[in-house]
Amino acid sequence: MQDLKDPGPGKFIRLKQAAMGRDVRTVLNQLSVQDVTASHIDNVSAFMRLGDILSGVNDSLKGVQPGGRRSATEAG
């Protein structure tokens, strides 16, 4: 364990005699890391759509102009 706790670069991991000649990954392996926040943006979008449906607010009431950006004189 002291080999693994050493914060310095260039690590050596000493194995017991029984593990010599084996693949080190069968003895020691890094845990996989998953991004649990990957779907948060999709979830927020679904909740916003659900809120719009339940409240009955359409795009005009929210101030969303169809067809992209417009100048103030075009929108008026």
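A few notes on this one:
- Shape call, the stretch 31-73: gyration tensor on alpha carbons, a/c limit 1.5: oblate
- Check: the chain dipole with +1 on Lys, Arg Cβ and -1 on Asp, Glu Cβ, in debye: 420
- Per-residue 3J(HN,Hα) values for the stretch 36-45, derived from phi via the Karplus relation 6.51 cos²θ - 1.76 cosθ + 1.60 with θ = phi - 60°, read 7, 9, 4, 9, 4, 5, 5, 5, 5, 4 Hz in sequence order (x marks Gly and Pro).
- Cut-off under 5 Å, modelled amide H: who pairs with LEU15 long-range: none
- Net length gained if the chain between GLN2 and ARG22 were fully extended (0.36 nm per residue, minus Cα distance): 5.1 nm
- Of all aspartates and glutamates in the structure, the ones whose alpha carbon falls short of 15 Å from that of LYS16, not counting any fewer than 8 places away in one chain, are ASP3.
- Furthest towards positive pole of dipole, GLY21, VAL44, VAL33, structure part the chain, Cβ charges: GLY21
- In the chain, the DSSP-assigned H stretches of four residues or longer account for a calculated mean residue ellipticity at 222 nm of -9000 deg cm²/dmol, using -39500 (n - 2.57) per stretch and the full residue count as denominator.
- Given the alternatives (1) 1.00; (2) 1.49; (3) 1.12, Rg/Rh (Cα atoms, Kirkwood Rh) as computed for this entry is given by (2).
Only the coordinates and a few stated rules stand behind these numbers; no lab work does. Bear in mind the structure is a predicted one, so any value in this text is a computation, not a measurement. Note: ideal-geometry Cβ built from the backbone for every residue, glycine included; neighbour counts use all protein chains shown.
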